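Read the structure below first, then the notes.
FYI, it's all coordinate maths here, none of it is from the lab. Because the structure is a prediction, the values reported are computed rather than measured. All Cβ positions, even for glycine, are placed from backbone atoms using ideal geometry, and neighbour counts span all protein chains on display.
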Ligand code: B12
Ligand SMILES: Nc1nc2c(ncn2[C@@H]2O[C@H](COP(=O)(O)OP(=O)(O)O)[C@@H](O)[C@H]2O)c(=O)[nH]1
Ligand SMILES: [Mg+2]
């Protein structure tokens, strides 16, 4: 109750795979976190704008379509334009290992792939928020 | 790097999105540090027209809020939206999906949408809903739309939090008007029958009108008679009528005794809710160490439940 971590879970572009994003939303809720879900087919810019209004700690983006190397840079660009530096960007879905390395270098805090157990997802979110500190 | 709430305020007054969003979070967390700032916010607020929207889950509230906001935008008004969803009673967490239905509003700087979880509060609203209304008010939003959870019975509170209350009934959710079942028909300033594109909407409208006709005969001298408006968010029909009914109700309240009564009702509700919160916090703090011992005496039937209750609140000044 006192924790109050807010997470926005998003899907961007044409990617219609929404099982993973729903699984993640549910496991965060069951751990006591507040989750905003924006639905399918949003633009990277829209989900950033929503994340700013919702003042979330974490923006979680689920991508299984292979569009991650264009979507994440657009998201980071928008975050910068909005002057927001304390929203933690988290990724997941189907993403090749070499792209994971590249995306983390660009500033995505963490990327969790297929078959990540719920407790690892929850622990990762809590750890990243703790490391960022109060704001 | 924590910005003090009092430093957020000037930025909120300028309408800066990130600052509004952050102050909303502080209010929601009931952070004692923001209390003075919220006091300042309250004293400056009071310009916005607050519209409450209630109706059972699935009746089309979120979709309607989106279309209604777009209509009000056309007239140049800035719109704040507070969409409330239930927290899980088990984990305290929530999944808030109202934004899914509001995607058409994305990219419009004149619309601010915030999702709030109830966190155990009853009445279909979150504890900090009215603080959020004030914050959006001073940030320059002209209309503030509150979408309640919509579970029934105790949702009458929205009528004590808004200037105009819309009660949404939808066809296809059972043959009875849901608001009648829930006993919230009486709080409506405007009745909306949503999904009028569905063929079964006709009977929902006539059922509702019939019900209202029965009520009117009892209260035939009431100065405001709640109209019934049919809308289809899907086809975007009925919203000119809805906006004009809203404007009419707003005009009805402006400068009238009814309007002053409404403001008093809202203030009184706010005061009672706040006092309740304060009492609960004090009670929890001060009773914490004594609960187990008194419960033991109650369990052994040494004292009765009323005596135990009295004992627990002893010296709490309440
Ligand atoms: C089920 C499925 C479908 C279903 C989707 C149903 C639905 N509503 O979701 C259907 C049949 C509709 C479908 C369609 C297609 N699919 Co498909 N689909 C799959 C499949 C088999 C499983 C995906 C799934 O649901 N997994 C279960 C969930 C729970 O796992 P997950 O999403 O990975 O999520 C976990 C983690 O990744 C992580 N996670 C996910 N997101 C996030 C986000 C955050 C923030 C965090 C922290 C963690 C996290 O947590 C979850 C739990 O561990 C995958 C193969 C695979 N191995 O992934 C292909 C796959 C994703 N599909 C693929 C393709 C190509 C398609 C189609 C284009 C096929 C076609 N030609 O029609 C269409 C596209 C549809 C569209 N509009 O996007 C490819 C994508 C290739 C690529 N990336 O380059 C895959 C990888 C199959 C393959 N090997 O080729 N698909
Ligand atoms: N046919 C029809 N369906 C609608 C209309 N408005 C909403 N819906 C559908 O009703 C369902 C619930 O809508 P939502 O806005 O989420 O309702 P809420 O739970 O009251 O907020 C969704 O499947 C919508 O697509 C409408 O005007 N016509
Ligand atoms: Mg809704």
Exercise. Of the listed peptides B:252-259, B:223-230, what is their order by residue-averaged count of other C-beta atoms within 10 Å, with the highest listed first?
Worked result: B:223-230, B:252-259
Exercise. Given a Förster radius of 30 Å and the C-beta distance between residue B:284 and residue A:80 as r, what FRET efficiency does 1/(1 + (r/R0)^6) yield to the nearest 0.05?
Worked result: 0.10
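What does the average come to when, for each residue of peptide A:52-65, you count the partner chain Cβ atoms lying within 10 Å of its Cβ? Mind dumping the intermediate values first?
Details: counts 6, 12, 9, 12, 3, 1, 0, 0, 0, 0, 0, 0, 0, 0.
Mean partner shielding for this stretch: 3.
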Exercise. With a 10 Å Cβ neighbour count serving as the proxy for reagent exposure, in which order, fewest first, do B:114, A:78, B:236, A:19 appear?
Worked result: A:19, B:236, A:78, B:114
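Take A:40, B:166 and order them by how many other Cβ atoms sit within 10 Å, fewest up front. Walk me through the numbers on the way to the answer.
Numbers: A:40 17, B:166 32.
Going from least to most buried by this count: A:40, B:166.
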Problem set entry | Distance in nm between pseudo-label sites at residue A:119 and residue B:109 (7 Å out along the Cβ direction from Cα) | 4.8 nm
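Classify chain A as rounded, prolate or oblate, taking a ≥ b ≥ c as the square roots of the eigenvalues of its Cα gyration tensor: rounded when a/c is under 1.5, otherwise prolate if a/b is larger than b/c and oblate if not. Mind dumping the intermediate values first?
Details: a/c = 1.33, a/b = 1.13, b/c = 1.17.
Rounded, because the longest to shortest axis ratio a/c is under 1.5.
If you count, for each residue, the other Cβ atoms within 10 Å and average over each peptide, how do B:16-26, A:115-125, A:86-96 line up from highest to lowest? Present the calculation step by step, with values, prior to reporting the outcome.
Working: B:16-26: 21.7, A:115-125: 14.7, A:86-96: 19.8.
Going by the mean number of other Cβ atoms within 10 Å, highest first, we get B:16-26, A:86-96, A:115-125.
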Seminar exercise, completed: Shape call for segment B:49-109, from the Cα gyration tensor axes a ≥ b ≥ c (a/c under 1.5 means rounded, otherwise prolate when a/b beats b/c, else oblate), comes out prolate
Exercise. Can you give the average number of partner chain beta-carbon atoms within 10 Å of each beta-carbon in peptide B:104-111, as a whole number?
Worked result: 2
For this session: Would you mind classifying the protein assembly as shown by shape? Square roots of the alpha carbon gyration tensor eigenvalues, ordered a ≥ b ≥ c; an a/c under 1.5 is rounded, otherwise it is prolate if a/b is larger than b/c and oblate if not.
Result: oblate
For this session: Round to a whole angstrom and tell me the spacing of the C-alpha centers of segment B:255-313 and segment B:180-199.
Result: 34 Å
Problem set entry | Cα centroid separation - segment A:1-58 against segment A:63-135, whole Å | 12 Å
Seminar exercise, completed: Kirkwood radius from Cα pairs of segment B:107-199 plugged into Stokes-Einstein at 25 °C, 0.890 mPa s, gives D in µm²/s equal to 167 µm²/s
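How shielded is B:87-93 by partner chains, expressed as the average number of their Cβ atoms within 10 Å of its Cβ atoms? Each step should come with its number before you reach the end.
Working: counts 4, 4, 0, 3, 7, 10, 15.
Counting Cβ atoms of other protein chains within 10 Å of each residue's Cβ and averaging gives 6.
Per residue Cα convex hull volume for segment B:45-256, in cubic angstrom? Please report the intermediate quantities before stating the final value.
Values: hull volume 24.9 nm³, N = 212.
Dividing the Cα hull volume of segment B:45-256 by its residue count gives 117 Å³.
Going highest first, how would you order B:273-280, B:205-212, B:284-291 by mean Cβ packing within 10 Å?
Details: B:273-280: 12.9, B:205-212: 15.8, B:284-291: 11.4.
Ranked from most to least packed, the peptides come out as B:205-212, B:273-280, B:284-291.
For each of B:143, B:90, count neighbouring Cβ atoms within 10 Å of the residue's Cβ, then give the residues from fewest to most. Walk me through the numbers before you get to the answer.
Working: B:143 23, B:90 9.
Ordered by Cβ neighbours within 10 Å, fewest first: B:90, B:143.
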For this session: Please give, to one decimal in nm, the separation of the simple spin-label points placed at residue B:267 and residue B:44, each 7 Å out from Cα toward the Cβ.
Result: 2.1 nm
